[in-house]
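A.B. asks: Here's a structure for you.
The values are calculated or read from the model by the stated rules, or taken from the named source; none is laboratory data. Computed from a predicted structure; not experimentally measured. In this analysis, Cβ positions are derived from the backbone assuming ideal geometry, glycine residues included, and neighbour counts consider all displayed protein chains. Only protein heavy atoms, including side chains, enter the accessible area calculation; ligands, DNA and RNA are left aside. Shrake-Rupley method; radii C 1.70, N 1.55, O 1.52, S 1.80 Å.
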Amino acid sequence: MSANAAIPCAPDIFERILSEADLVITGMADCGSCTAYSVHDTIEFEKVGRPAVVVTTTQFEPIAEDPCHQLRAPRDRRLVLPHPVGGTDADTLHQWCDAAVDRLITLYTA
């Protein structure tokens, strides 16, 4: 969506995603500024009617939760993975993702 998750989604990319995607996953909210902008992008997609989930970690979940409430997010969709993602081996990441699939589906359908 942007060069990295620590900056907001560029307007042209935002419009492209709206035209091409039915659902959006933002993130990785695995540090302070990444969390803030990933949540921001999620809220902006929700405001225009595009279901969006922010992926964060247990350590940054409280930071991801706060803007959702302050900015009156239409939906507060957060997929929380163990911390940290960065530096975690690929096999473990695959296990975490496999375990998160049902939760992700629920976030879009509930």
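A.B. asks: Calculate the radius of gyration of the Cα atoms of the chain to one decimal place, then report Dmax, the largest Cα-Cα distance, as a whole number, both in Å.
C.D. replies: According to the Cα coordinates of the chain, Rg and Dmax are 13.3, 37 Å.
A.B. asks: Here's a follow-up. Amide H to amide H under 5 Å from Thr57: which residues, 5+ apart in sequence or cross-chain, H placed 1.01 Å off N in plane?
C.D. replies: Leu81
A.B. asks: Stretched out fully, how many nm does the piece from Ala110 to Asp12 gain, at 0.36 nm a residue minus the Cα gap?
C.D. replies: In short, 32.3 nm is gained.
A.B. asks: So what's the angle, to the nearest 10 degrees on a 0 to 90 scale, between helix 11-20 and the longest Cα principal axis of the chain?
C.D. replies: It is inclined by approximately 80 degrees.
A.B. asks: Show me the ranking of peptides 57-66, 7-16 by mean Cβ neighbours inside 10 Å, starting with the highest.
C.D. replies: In descending order of packing, they fall as 57-66, 7-16.
A.B. asks: Place a label point 7 angstrom from the Cα of Ala21 along the Cα-to-Cβ direction, then list the residues of segment 73-110 whose backbone nitrogen is under 19 Å away.
C.D. replies: 73-81, 97-98, 100-110
A.B. asks: With only alpha-carbon atoms in the gyration tensor, what are the semi-axes of the equivalent ellipsoid for segment 1-64, in Å, largest first?
C.D. replies: Square roots of five times the eigenvalues give 20, 12, 8 Å.
A.B. asks: With every protein chain present, what is the per residue accessible area of the chain (1.4 Å probe, Å²)?
C.D. replies: Averaged over the residues of the chain, the accessible area is 57 Å².
A.B. asks: Nearest 10 degrees, 0 to 90: what angle lies between the long axis of helix 32-47 and the longest principal axis of the chain (Cα atoms)?
C.D. replies: Roughly 50 degrees between the two axes.
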